[in-house]
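Reviewing the structure listed below.
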Amino acid sequence: MIHRLNTKLVSIGVFTLLVVLTITGAYGQSQATTGNIEGRIVDSNGAVVPNASVKATNQDTGLEKSATADGDGNYRVVFLPPGKYTVSATAPGFGDVKSSDVTVTVGGKTTLDVSLSPAGVSNNQVTVTSESTIETTRTSISTTVDQKAIENLPINGRNFQDFATLTPGVIRDPRGGDLSVGGQVADVPDTSLTELARLPGVSGVSLDRRITGTMERTGATIGSTWVRESLGFDGTGIGIAVIDSGVANWHDDLGAGRVTRFVDFVNFQSTAYDDYGHGTHVAGILVGSGSHSPDGRMAGVAPQANLVSVRVLDGTGRGLTSDVMAGLQWILDNKAQYGIRVVNLSLGHPVYEPASVDPLVQAVDALWDAGVVVVCSAGNAGRNGYVTVSSPCNSRKAITVGAINDHGTPDISDDTTTTYSSRGPTALDLVAKPDLVAPGNRIVSLRSAGSYQDLLFPDRRVAADPAEPGVIEYVGPAARAGIDASTIRLSRVCAIRDQCEW
């Protein structure tokens, strides 16, 4: 049975709301709510004008967004709410060009080509076209309801659900008559929130909250080398998905083909990258080969497993609930293709609502129900006492992992819970968490060179191979959940010595 996410995303001003619908069989797809203006800047002879400045101003709201043309004269102003815009273009030595009533539609691309004349010369020209395009880097759908569509709206019975079916991807569930809706994003005035919450089918409204990565680490030798060499468990045939800040586009400890897919819900890039550094570090704990360490002793827990990197955190380690949910939905839709059996989540936000109505928890539960083990880091708020486990780790179905400090020894008798590891029971629901504890302090793993964490903590780098003293190697934080994301399915443990901490 396929389990789908039952959510609808709604943005409110500078906030974003998650509107949970009482529906069944609903796909949580990414929905487009904006459009783009793009084109080419040339001079009166048709030669490209590089580095020209372009500014788009919404004629109704005053919203402004700018872009700079590249070396070929191409520019792109993205994520523009639908409406009419005034677009101006300028470059040194040329007269300004301004074009009004440039229309942007939901999910559409408006092409605006500009011809600049030398300063003081008139007759500047612009060419405007509008088209619907196939976006190859996103899985999103969108629609525009124009005047003709409004005049022909199905208003029999004045049921709002009839209007919703005009949107691609929205259908009636034949089993119960409710809507089956892909996750949607829409701008809603603050004054309409009460009315929105009262609509039939809307069971609750919650903020699209900020998500931050969790940083609990330890460095203990817990036996994975013995398990790999003696029992032969190395992750072969297992797909592990990491929802984090991405992964470095090349690292010889990951080897050729170890990262089988990279998906970016932040900047929608197709080439792997990690400008924060945390996701790469977790990747090393999971599937690193240990090629730069003596005898491969710093190999990851499951060096032969396949890694799927789902980027939801930006270059400073922050993200949104809706992006995490989009990542979870992508995994749900593609788990069979990539053999994904385990998901690692080293991120979260405080608990603001019961798990039963928390959209992020519901998304995690849907994955679990579909047969994917979800391993989640409990959080970093342990110094604030009990009831500090974060969402979605308050899910009853997720395996929530707390952090221990091994005090630099492989002997578990001296291990203690770290001061920062979040403690249960969970807020509101009072569920006993975490489910287990694992090393969560001072773990050595892969470094994403030039990333935020790499530049912030240059003293935490270590030379991995004494035979190559000039080589700086791969150190940084790694989620304790990352360790257990491999151990849960493989029945094994991790051997990584502590040499530093973040």
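Of 89, 56, 52, 32, all but one fail to be at pLDDT below 90, open to solvent by less than 30 Å² (accessible area, probe 1.4 Å) and among the aliphatic types (A, V, I, L, M); the exception is 32. From the list 37, 41, the lone residue that is touching a Gly at 6+ places or on another chain (Cβ under 7 Å), modelled with pLDDT of 90 or more and within 23 Å of residue 96 (Cα to Cα) is 41.
Highlighted here are the strands (runs of 3 or more DSSP E) found entirely within region 311-420 that include at least 2 residues which are on the phi < 0 side of the Ramachandran plot and crowded, with 24+ Cβ neighbours inside 10 Å: 340-345, 373-377, 399-405.
Would you check if there is a residue in region 192-214 being surrounded by 14 or more Cβ atoms within 10 Å (Cβ to Cβ), at pLDDT below 85, within 29 Å of residue 410 (Cβ to Cβ) and within 24 Å of the chain's Cα centre (by Cα)? Checked against the condition, which is being surrounded by 14 or more Cβ atoms within 10 Å (Cβ to Cβ), at pLDDT below 85, within 29 Å of residue 410 (Cβ to Cβ) and within 24 Å of the chain's Cα centre (by Cα), region 192-214 yields at least one hit. Filtering region 249-276 to residues that are over 20 Å from the mean Cα position of the chain (by Cα) and of a type in the set (Gly, Ala, Ser) leaves 255, 256, 257. Can you tell me which residue within region 233-253, out of those that are outside any strand (DSSP E or B) and of a type in the set (Val, Ile, Thr), is modelled with the lowest pLDDT? By that ranking, first place goes to 236. Would you confirm whether or not region 293-302 contains a residue that is in contact with a strand residue (DSSP E or B) (Cβ under 9 Å, 6 or more places away or on another chain) and not in a loop (DSSP other than H, G, I, E, B)? No, region 293-302 contains no residue that is in contact with a strand residue (DSSP E or B) (Cβ under 9 Å, 6 or more places away or on another chain) and not in a loop (DSSP other than H, G, I, E, B). Applying a threshold of 8 Å to beta carbon distances and a minimum spacing of six or more residues, or different chains, the list of pairs starting in region 405-420 at a residue that is within 25 Å of residue 381 (Cβ to Cβ) and in contact (Cβ under 8 Å) with a residue 24 or more places away in the chain and ending at one that is hydroxyl-bearing (Ser, Thr, Tyr) and in a strand (DSSP E or B) reads 405/416; 405/417.
Kindly check whether there is at least one residue in region 275-284 that is open to solvent by 20 Å² or more (accessible area, probe 1.4 Å) and touching a Lys or Arg at 6+ places or on another chain (Cβ under 8 Å). No.
The values are calculated or read from the model by the stated rules, or taken from the named source; none is laboratory data. The shown structure was predicted, so the numbers you read here are calculated from the model rather than taken from an experiment. Don't worry about glycine lacking a Cβ; one is built from the backbone with ideal geometry, like all the others, and counts go over all protein chains shown. In case anyone asks, the SASA skips ligands and DNA or RNA and just uses the protein heavy atoms, side chains included. Shrake-Rupley method; radii C 1.70, N 1.55, O 1.52, S 1.80 Å.
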